[in-house]
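As structure tokens, the structure follows; a few thoughts come after it.
Please treat every number below as a calculation from the coordinates, not as lab data. None of these values were measured; they are calculated from a predicted model. Counting neighbours? That spans all protein chains shown, and the Cβs are built from the backbone with ideal geometry, glycine included.
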Amino acid sequence: MAKIKVTKVKSAINRTQTQKRTLEALGLRKIGQVVEHEGTPSILGMVNKVKHLVSMETV
């Protein structure tokens, strides 16, 4: 699997509880924070769920 970089670019204020929990599960707390994950189907599904709050790039 390829590694991906996920960056939080927007706030989670006024978002649903599931979207907030998805960001927390990805390890994203502050805007501008970057985390690296393997590009597994579960991680890609989580990123797709909050795609309007994050940006993603492959490493």
Report whether or not Ile43 is among the hydrophobic types (A, V, I, L, M, F, W, C), loosely packed, with under 14 Cβ neighbours inside 10 Å and either assigned to a loop (DSSP other than H, G, I, E, B) or under 10 Å from the mean Cα position of the chain (by Cα) (or both). no
Restricting region 15-40 to residues that are farther than 20 Å from Ala2 by Cα and of a type in the set (A, V, I, L, M), which is surrounded by the most Cβ atoms within 10 Å (Cβ to Cβ)? Leu23
Please list, ordered by first then second residue, the pairs with beta carbon atoms under 7 Å, 6 or more apart or interchain, first in region 43-59 and within 19 Å of Gln17 (Cα to Cα), second small (Gly, Ala, Ser). Met46/Ala25; Leu53/Ala12
Hey, among the residues in region 46-59 that are under 10 Å from the mean Cα position of the chain (by Cα) and assigned to a strand (DSSP E or B), which one's surrounded by the fewest Cβ atoms within 10 Å (Cβ to Cβ)? Ser55
